[in-house]
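Here's the structure, in structure tokens; my notes come after.
The values are calculated or read from the model by the stated rules, or taken from the named source; none is laboratory data. Note that the structure is predicted; figures quoted are calculated from it, not measured. Cβ atoms come from the backbone with ideal geometry, glycine included; neighbour counts cover every protein chain shown. The area values use the complete protein model at the heavy-atom level, side chains included, leaving out ligands, DNA and RNA. Shrake-Rupley method; radii C 1.70, N 1.55, O 1.52, S 1.80 Å.
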Amino acid sequence: MEAADTGSRRRHFASDNYSGICPEVWQALEEANFGHTPGYGEDPWTARARKMIQDLFERDCEVFFAFSGTAANGLVAASACQSFHSVLCHEFAHLETDECGAPGFFAHGLTLVTLPGENGKLIPAKLAEAAVRRTDVHASRPGAISFAQSTEVGTVYTPNEIAAFGAVARKFELSLHMDGARFANAVAALNVAPAALTWRAGVDVLSFGGTKNGMAYGDAVVFFNRELARNFEYRLKQSGQLASKMRFLSAQWIGILTEGAWLRHAAHANKMAELLEQGLRGIGRAEVLFPREANAVFVKLPPEVLDALRACGHRFYTDVGPGGAARLMCSWDTREDDVDALVSDIGRLLVESR
């Protein structure tokens, strides 16, 4: 029976979650789908994936696997903090804007303190100020700093910038968490070792995202500070995040990490975003809002042009970061002709809207 064409074959720019499974992950899942093996992470695929992640980061770290970034971030916050703590984060942070209060849910009262910062970035001095703003028993006590790499507006933190966060965290006895939903894109953009962006700069724990880089689903929770990982396996189980057929979570990491596929795909997505930025900058009345450093481009367009683009079948978000700008995300499978078609439609519609 021929499948109905619902338009799903079209490649969109709304989110890198829209993309399918990359070939390396698909092959790894096929190889894991053979015979019987123990469940709940007692299988050889999970052991191998953990070892590959430890080797990648050059560190004897604790590695766990969760179904989603929301669960990974929320459970990490609960592990690093108690219910009377707060987490310091950017005002655009996914923790604040898109996770439905998950940190407070998992930590039973944990709050978020959001801070401004240009180009989606936290400022070390503002973090230090927030850490001591209230020290009385009537206010939540800061327990952790959380930042996204790359940021919600597509910028990236350098090792030195992260090290500045690490210094603040150590000074005020805070845990430092990296939301790495697009960690691969940041590594590819900066061309540095993963260790340089994480534990060597003071990061205690990383939510290492794979979904946006060609996996079907799943985050690896990587504890560089092993003390924070105490009892984390119980948190995973209690929250419904312990996969019974764990090999189908962990085998994906084998596929994506083998022979550098994760970096190739991330670099390709970044390159497509670079081409998109270049095309948009060549169009009058299309205002690119932030430095394009990873795989996201934010562009300000007239409301009627946004409506017309959607009428043409394009999909994108306008509620990420500052309101009204179109966020255009490139994926591991975005092609140059996809970029050309979008830029052409934007240019044409801007001319027609005059």
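Which one of A77, A102, A273 has the biggest mean-square fluctuation once the chain is modelled by GNM with Cα springs under 10 Å? With Cα springs under 10 Å in the chain, the top fluctuation among A77, A102, A273 is at A102. Within the accessible surface of the chain, defined with a 1.4 Å probe on protein heavy atoms only, the carbon and sulfur portion equals 50 percent. If R₀ is 35 angstrom, what is the calculated FRET efficiency for the pair T114 and K51, using the beta carbon separation as r and rounding to 0.05? The formula returns an efficiency of 0.40 here. Putting +1 on Lys and Arg Cβ atoms and -1 on Asp and Glu Cβ atoms, find which of N270, L280, L309 reaches farthest to the positive end of the dipole of the stretch 213-354. The Cα lying farthest towards the positive end belongs to N270.
Computed from the C-beta positions of Y18 and E259 and an R0 of 30 Å, the FRET efficiency is 0.75 to the nearest 0.05. Placing +1 on each Lys and Arg Cβ and -1 on each Asp and Glu Cβ, with no other charges, gives the chain a dipole about its Cα centre of roughly 540 debye. Taking square-rooted eigenvalues a ≥ b ≥ c of the alpha carbon gyration tensor, is the stretch 271-354 rounded, prolate or oblate, where a/c under 1.5 means rounded and, failing that, a/b exceeding b/c means prolate? Cα axes put the stretch 271-354 in the rounded bin.
Taking the average, over residues, of other Cβ atoms within 10 Å as the packing measure, peptides 36-44, 196-204, 143-151 rank 143-151, 196-204, 36-44 from highest down. Seen through its C-alpha gyration tensor, with square-root eigenvalues sorted a ≥ b ≥ c, the chain comes out oblate because a/c lies at 1.5 or above while a/b is not bigger than b/c.
Here the Karplus curve 6.51 cos²θ - 1.76 cosθ + 1.60, taken at θ = phi - 60°, turns the phi angles of the stretch 194-199 into couplings of x, 4, 5, 8, 10, 5 Hz, with x standing for Gly and Pro.
Hey, got the dipole for the stretch 1-154? About the Cα centre, +1 on K and R Cβ, -1 on D and E Cβ, debye to the nearest 20? Roughly 460 debye for the stretch 1-154.
With the charge dipole of the chain set up from +1 on Lys and Arg Cβ and -1 on Asp and Glu Cβ about the Cα centre, the Cα lying farthest toward the positive end among the listed residues A128, F232, M329 is that of A128. By definition, a body whose alpha carbon gyration tensor gives a ≥ b ≥ c is prolate when a/c is 1.5 or more and a/b is larger than b/c, and the stretch 26-99 fits this prolate description.
Residues whose amide H falls under 5 Å from that of A148, counting only those 5 or more places apart or on a different chain, are D179, with hydrogens built in the peptide plane. Surface exposure of the chain, expressed per residue as accessible area with a 1.4 Å probe, stands at 45 Å². Compared with the alpha-carbon gap, the fully stretched path from D307 to K126 is longer by 61.4 nm at 0.36 nm per residue. The loop-placed GluC sites (Glu not before Pro) in the stretch 82-182, going by DSSP, that have at most 10 neighbouring Cβ atoms within 10 Å of their Cβ come out as E173. Note on F34 and E91: their simple-model spin labels are 5.4 nm apart, each label 7 Å out from Cα toward Cβ.
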